[in-house]
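Asks: Have a look at this one before I ask anything.
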Amino acid sequence: MVGFLGLMYIIHPKALHRFVGYLEETASDTYANLIRSVQTPGTHLHRDWSGLRAPSIAVNYWRMEENAMWLDVLKNLFADETNHRDVNHTFATMKSDDPNPFVNKHLEDAAKAWRLPTDVSDSNAKYTSKSRLAEPDNASTAAFR
């Protein structure tokens, strides 16, 4: 399957982005239904899941409050899937030479996650030695130069 999808991306990337966009749309609908069921008194999911605490891995990953609940995890999963859906549907409509409309958002998110001390709105920004990265020329920072 991976080989087929890889070949499809080489031959027709827009079609694969559209396909993935629809997969993510299905995931978004699934999470929306789960959230609705957990929030609806009288359902099995409300009874079984509404009192569950969020696992620590989810709390750490999404930087949630320590008292976060499983419903909060579902809402974060839903947000991720809707973002993936929107990104893939956007890429499916773009021309091959269109600029990536998500670059600045990803640079800002990466800077927050890595606590980098710079304004990433300038994609040519160089990171200083205050960076958490061992060396400013590290290959992982190449996208930020």
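The values are calculated or read from the model by the stated rules, or taken from the named source; none is laboratory data. Remember, predicted model here, so these are calculated numbers, not experimental data. The protein model used for the area step is the full one, side chains on, heavy atoms only, and it has no ligands, DNA or RNA in it. Shrake-Rupley method; radii C 1.70, N 1.55, O 1.52, S 1.80 Å.
Asks: Measure off, as a whole percent, the carbon and sulfur share of the 1.4 Å-probe accessible area of region 1-85, all protein chains present.
Replies: C and S fraction of accessible area: 61 percent.
Asks: For region 1-119, what does the alpha-carbon gyration tensor say about shape, rounded, prolate or oblate, given a ≥ b ≥ c as the root eigenvalues, a/c under 1.5 as rounded, and a/b over b/c as prolate?
Replies: Judged from the Cα gyration tensor, region 1-119 comes out oblate (a/c at least 1.5, b/c at or above a/b).
Asks: May I ask you to compute the full-extension gain from residue 62 to residue 95, defined as 0.36 nm times their residue separation minus their alpha-carbon distance, rounded to one decimal in nm?
Replies: 8.6 nm
Asks: Considering only protein heavy atoms, with the full assembly of protein chains and a 1.4 angstrom probe, order 50, 56, 28 by accessible area, largest first.
Replies: Output order, biggest surface exposure first: 56, 50, 28.
Asks: Is the C-alpha gyration tensor of region 1-40 telling us rounded, prolate or oblate? Criteria: a/c under 1.5 is rounded; beyond that, a/b larger than b/c is prolate, otherwise oblate.
Replies: Taking the square roots of the gyration eigenvalues as a ≥ b ≥ c, region 1-40 is prolate.
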